[in-house]
Amino acid sequence: MSILNQVGNYFRDSQVWGSIMRHGVPRDRRTRAMAVLSNVFLHLHPVAVRKSGIRLSFTWCMGGLTFFLFLAETVTGVLLMFYYRPTVEYAYVDIINLRNSVVTLGLLREIHRWGAHAMVIAIWLHMLRVFMTGSYKPPREFNWGIGVILLVLTLLLSFTGYLLPWDQLAIWAITVGSNMARATPFAGHEGPGAAFLTIGDVPLVHAGSDARFGLLAGTFVGPNALLRFYVLHCIFIPLVVSVLIAVHFWRVRKDGGISGPL
Amino acid sequence: MIYLLAQDSAIERIKSLINAACAPEFFLPITIVLFVITLVFYRKITLPAVAGILALAFTAFYVVSMADPDFLKIIKKPDNVPITMMIFLVGFFCWLSLRRAAVNDQRMERGEPLEEAGADDKVLVWPDLVYTELIALVLCSVFLVVWAIVLKAPLEQPANPSVIPNPSKAPWYFLGLQEMLVYFDPWIAGVLLPGLIIVGLIALPYIDRNPRGNGYYTFKDRPFAISLYLFGFLILWCVLIVVGTFLRGPNWNLFGPYEYWDPHRPAALVNVNISDAFWIYLPAALNDRGITFWSPGLPDQPALGGWIPAYIIRESPGIVLLGFYFFVLPVILAKTVFKKLYTEMGFERYLVFWLLLSWTAIMPIKMVLRWMFNIKYFLAITEYFFNV
Ligand code: HEM
């Protein structure tokens, strides 16, 4: 014991340790506050929080779990990107190989896929908790709005990811989903009003120029759609989500922390 | 032997009873009635003993159902696994929040402090919160890894554009929207309604001006808001996902949960539009009774020298109905049932509120009309892809 303590103290007294952790062991009020304040990740939190707010039966930790699942998806997703090629030729084969891969125990993709489903459920439950505690009421109206956008983006993340394995489930689910864009008023070639948008006899909105075409980069779910969904899924949407999560967390603090009775 | 047979047929009878109850004309009213009962008796139903028995009964029912090969096939499909999870998690957390609401409501009535009281008691984030978070994180990781080991994630045959699966389903979380396609034009189900859901959710804090119920669980302080939200989330979102998963089979026909998905089963009844009902069925019924001044047939001539196209005349009954629903009904309600609400909200908020409420309500209305009266569209201007 005393040897362990000595070794511990040796490291804690060293210059290296002191340069990383700018505070002592979090044992008293001051160092505990410092632990949160001087760590860029932990300082997403305030130093002290309302007791009722962090009770598990109040928040269910659902926002935190949604965030954790987002992180888990990011990490597994980046790892998947090492192995996966977004082309019609390779996509499916790569997924099969990932399943049988020894290095990742064949788990990488399974975790990523199930994690995505779990995140969708977690975000609904987080929203349910926020609603049921009336936490969208002033002063948190704006953060609720940010949350709604996060919800939409989470669903879109899941939706764009659905296509990437390039199996039957993928292309037909995306076909069903994207067919709706065909019917966008004015912007889809089967939508109301599109027939009025013409120059002379030439229709402006047709299968090769409408909203669905923009989504799929083609008139059917093909190689272009795969590439487009890949970029949206791996780069664009995660970036936007990250920024919005930052705003979301910032506002949770600025709006007075987790809500409680006034 | 005979005993076994009798038992067997008893099970078969129960199964066909459940299959029959899942026919949409029963399923929808039953769910809505259950929903209303739950909210009205939320204090009794959420009592741990009552809720526990209900949960056990439901779980037992779910597990026993797996003995049925058709049901098992649906549940076992990897992409449907999250739906089983959703059913139980949503159930549990709805119970938890209503339970806490019930406890708080009783406390308030007795003049006791809320469960969340002591808003000024602060604790340090380190260690109280970070450790909770750490534990949640570890549990969640373990859960994910175990899940990934036990169950293979969905992967089907390689994509083949020439083999169209029947039924073709959207990702499970969009099944509610896909279900709406049955009742509405694609531009409404696929574009307008999702848009309204998003806008409506964002607008919610600005419409709900009730200052009570901020930061604690309660039902009594905001029954209207909670009922509406839960109706949307549970019935119009989750139940429709369940319908889309368990009851929608080949050709998007409806099947019972224990029914074989026969792709050759003929489609159900033909549905009629309001215009057909008005111009054809109504006069035909009158003719049968000997009143003959009005002969059945859709109007196909424009009026007023071509100023009013034929389809407007044809669809006039639907136009009148929808006009009443969207524009007259809100005025009547503002003067009666929603009088208090209207004074609280003011004109602009009420306008947005009605826009959202009317579109939320038209969904179950159309479902009921469709399943109980075989009505398809109020307004069917197929010429311009405009069917409501
Ligand atoms: C990527 C998605 C999201 C993440 C990572 C996230 C994360 C969080 C976290 C960690 C909190 C702190 C309290 C808690 O855990 O409950 C929180 C609070 C909050 N969230 Fe979210 N959230 C997300 C989506 C949403 C959505 C969809 C909504 C609503 C539409 C929403 C509305 C709110 C509001 C209003 C608060 C403040 C609640 C309070 O102070 O009690 N968030 N969020």
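Quick note: the coordinates plus some simple rules give every number you see, no bench work behind them. From a predicted model like this one, the values you see are computed outputs, not experimental measurements. Heads up, the Cβs are rebuilt from the backbone with ideal geometry, glycines too, and the neighbour counts pull from every protein chain shown.
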Next on the checklist: Compute the distance from the alpha-carbon center of region A:170-186 to that of region A:43-107, in whole Å.
Outcome noted: 27
Checklist entry - Which distance in Å, rounded to a whole number, links the C-alpha centroids of region B:308-322 and region B:20-37? => result 33
Item to check | Cβ neighbours within 10 Å from other chains - mean over A:189-202 | outcome: 2
Next on the checklist: For A:Asp167, what residues show an amide H to amide H distance below 5 Å, using hydrogens built from the backbone and excluding near sequence neighbours?
Outcome noted: B:Ala159
Next on the checklist: 5 Å is the cut-off here: which amide hydrogens, built 1.01 Å from N in the peptide plane, fall below it relative to B:Asn387, excluding neighbours closer than 5 in sequence?
Outcome noted: B:Asp185, B:Ile381
Checklist entry - Residue by residue through region B:58-67, which ³J(HN,Hα) values in whole Hz follow from phi under the Karplus form 6.51 cos²θ - 1.76 cosθ + 1.60 (θ = phi - 60°), with glycine and proline marked x? => result 5, 4, 4, 4, 5, 5, 4, 4, 5, 5
Checklist entry - Can you run phi through the Karplus equation (6.51, -1.76, 1.60; θ = phi - 60°) for region B:309-319 and list ³J(HN,Hα) in whole Hz, with x for Gly and Pro? => result x, 4, 5, 5, 5, 4, 8, 4, x, x, 4
Item to check | Local net charge near B:Ile280, Cβ-Cβ under 15 Å (Lys/Arg +1, Asp/Glu -1) | outcome: -2
Checklist entry - Ordered by packing density, taken as the mean number of other Cβ atoms within 10 Å over each peptide's residues, highest first, how do B:54-67, A:183-196 rank? => result A:183-196, B:54-67
Checklist outcome for this item: Mean per-residue count of partner chain Cβ within 10 Å for B:140-151 equals 5
Item to check | About the Cα centre, charge dipole magnitude for chain B (Lys/Arg +1, Asp/Glu -1 at Cβ), debye | outcome: 500
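Let me have the 222 nm mean residue ellipticity of chain B computed from DSSP H runs of 4+ only, each contributing -39500 (n - 2.57), with the sum over all residues rounded to the nearest 500.
On the way: 16 runs with 210 residues, N = 388.
Here the helix-only value at 222 nm equals -17000 deg cm²/dmol.
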Next on the checklist: So, R0 is 30 Å and r is the distance between the beta-carbons of B:Asn271 and B:Thr292; what FRET efficiency does that work out to, to 0.05?
Outcome noted: 0.60
Checklist outcome for this item: Per residue convex hull volume, Cα only, region A:1-45, in Å³ is 77
Checklist outcome for this item: Here region B:349-365 yields Karplus 3J(HN,Hα) values (6.51, -1.76, 1.60; θ = phi - 60°; whole Hz; Gly and Pro given as x) of 4, 5, 4, 4, 4, 5, 3, 6, 5, 5, 6, 5, 6, 5, 4, x, 4
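Taking N as the number of residues in region A:75-190, what is its alpha-carbon radius of gyration divided by 2.2 N^0.38 Å? Numbers along the way, then the final one.
Details: Rg = 18.1 Å, N = 116, 2.2 N^0.38 = 13.4 Å.
For region A:75-190, the normalised Cα radius of gyration comes out at 1.35.
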Next on the checklist: At 222 nm, what value in deg cm²/dmol follows for chain A if DSSP H runs of at least 4 each add -39500 (n - 2.57) and the sum is divided by all its residues, to the nearest 500?
Outcome noted: -19000 deg cm²/dmol
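For the residues A:Arg140, A:Arg29, B:Arg248, what sequence is obtained by ranking on other C-beta atoms within 10 Å, fewest first? Please report the intermediate quantities before stating the final value.
Numbers: A:Arg140 24, A:Arg29 12, B:Arg248 20.
With the fewest neighbours first, A:Arg140, A:Arg29, B:Arg248 line up as A:Arg29, B:Arg248, A:Arg140.
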